[in-house]
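The values are calculated or read from the model by the stated rules, or taken from the named source; none is laboratory data. Please read all numbers here as calculations on a predicted model, not as lab measurements. All Cβ positions, even for glycine, are placed from backbone atoms using ideal geometry, and neighbour counts span all protein chains on display. Accessible surface is based on the protein model in full, side chains and every heavy atom, while ligands, DNA and RNA are left aside. Shrake-Rupley method; radii C 1.70, N 1.55, O 1.52, S 1.80 Å.
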Amino acid sequence: MEVGFLYIKSVGISDELFARVIKEGVGFFDIPTAENRLAAEVTAGATDYREQIDVSTEHLLPSPGSPLHHNLLAPNQWPSTTVLSNFRPTFTEYMRLMGAISLRFTSLIAEAIELPADAFDKYIGGANQQHKLKIVKYPDAGELGLEAGQRGQGVGQHKDSMLTSYLLQASHHRGLQVQNYTGDWIDCPPIDGTLVVAIGQGLEALTQGVCVATTHRVLSPLAGEGPRFSIPFFQGVRGDTEFEELESVGVGKVPDRVKEERRRVPEAHGKRLNDVEFTFRAGGAAKTLGEATLRNRVKSHPDVGERYYPDILAQIREEQRLAAKAKAPSASTSTTPQAMPTAVESQ
């Protein structure tokens, strides 16, 4: 309710599997560059300094005429077994276990806010269920060519999509930060044997704002510190779910007592600084969770949007232009040139 970020431990995954996940994940970035993937992802209007590979719950290719967001449901592009023979089985097992853990965790959240334990189940699972996992390398500032003492943008400030995310910090580096009510950035240092949990926009929408999707970011390591590695798992939600249903039916009514407890949080801490766009709501360009997710992907990967989704990208850019124009100071009130604000993307 207060932050939306927390550590959990003793989740039922063995230390041996965690070690194997880290070994295989870090090992991906040691294979030949033809197999490696250098991301060109945009967050908060700026390019992130990171390399990564994405994998997800596997599906067959969508049939012709399917909604565009079903293109997110597809087979993975696994590294060749000739270079990483244990990569696929390791991450297939890890995603299976993390899917079960995420379902158990959201059932505990439901009980904590006085809803039935299975309140979220209808939005999780089914034929189109898709969890996602990233294996990410953040090069240090020296490798990026930055000056001493500077940090690059590993990931710009954003809120996660869907329900919950579970981050395995796979190296000793700091860099993950969460924003508090007053706008300060608080470090989330690695703690052995833990996962960092972030509440997503989908869960905030489903709980009528009781569970908070919190703004966070990642800073690149300083020069000489070496690369930071992380492996986040993102719990998926049924993509065909419409926002109108979320807001009119959802998981049922959260008790007024719980809503009142949540309402008292900003009263105690002051008005929350919240300058990141909340994209999971009715009335926008996207009608379903899947459409919103696809738009966020196109926004974060404009090079892919140019090639495969030019109409969506053009619509996003026009929305960004209009938003920037609306926020810009008028000539009658200011004569000092100011930078145009940039759009903010959710991961």
Practice problem: Could you check L108 against (1) aliphatic (A, V, I, L, M); (2) outside any loop (DSSP other than H, G, I, E, B); (3) farther than 29 Å from V258 by Cα and say which number it fails? | Solution: (3)
Practice problem: Would you please list the contacts, defined by Cβ atoms under 7 Å and residues six or more apart or on different chains, that run from a residue in the stretch 74-87 that is assigned to a loop (DSSP other than H, G, I, E, B) to a residue that is basic (K, R) and open to solvent by 80 Å² or more (accessible area, probe 1.4 Å)? | Solution: W78/R88
Self-check item: Every residue from the stretch 197-217 that is among the β-branched types (V, I, T) and open to solvent by 10 Å² or more (accessible area, probe 1.4 Å)
Solution: I199
Quiz item: Among (1) farther than 25 Å from A268 by Cα; (2) open to solvent by less than 10 Å² (accessible area, probe 1.4 Å); (3) more than 16 Å from the chain's Cα centre (by Cα), which single condition is V254 missing?
Solution: (1)
Quiz item: Only one of these conditions is not met by S85: (1) open to solvent by less than 40 Å² (accessible area, probe 1.4 Å); (2) modelled with pLDDT of 90 or more. Which number is it?
Solution: (1)
Quiz item: Restricting attention to the stretch 309-347, and to residues there that are open to solvent by 60 Å² or more (accessible area, probe 1.4 Å) and β-branched (V, I, T), which single residue is modelled with the lowest pLDDT?
Solution: T342
Quiz item: Given the conditions (1) open to solvent by 10 Å² or more (accessible area, probe 1.4 Å); (2) in a strand (DSSP E or B), and given that I231 satisfies all but one, which numbered condition is not satisfied?
Solution: (1)
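Results for (1) of a type outside the set (A, V, I, L, M); (2) at negative phi, shown as yes or no for each residue.
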position: D118; (1), (2): yes, yes
position: H131; (1), (2): yes, yes
position: G145; (1), (2): yes, no
position: V155; (1), (2): no, yes
position: D160; (1), (2): yes, yes
position: S165; (1), (2): yes, yes
position: Q177; (1), (2): yes, yes
position: D192; (1), (2): yes, yes
Quiz item: Residue check, M95 against (1) in a helix (DSSP H, G or I); (2) surrounded by fewer than 16 Cβ atoms within 10 Å (Cβ to Cβ), all met but one. Which one?
Solution: (2)
Quiz item: So how many residues does the stretch 267-293 have that are in a helix (DSSP H, G or I) and either open to solvent by 50 Å² or more (accessible area, probe 1.4 Å) or modelled with pLDDT under 75 (or both)?
Solution: 4
Quiz item: What number of residues within the stretch 118-154 are closer than 20 Å to L6 by Cα and either touching a Cys at 6+ places or on another chain (Cβ under 9 Å) or among the small types (G, A, S) (or both)?
Solution: 0
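Would it be correct to say that Q201 is closer than 19 Å to Y7 by Cα and modelled with pLDDT under 90?
Values: closer than 19 Å to Y7 by Cα: yes; modelled with pLDDT under 90: yes.
Here the answer is yes, as Q201 does meet what is asked.
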Exercise. Residue by residue through the stretch 147-179, note down the ones that are open to solvent by less than 50 Å² (accessible area, probe 1.4 Å) and either without any contact (Cβ under 8 Å) to a residue 60 or more places away in the chain or not in a strand (DSSP E or B) (or both).
Key: G152, K159, D160, S161, M162, L163, A170, S171, H173, G175, L176, Q177
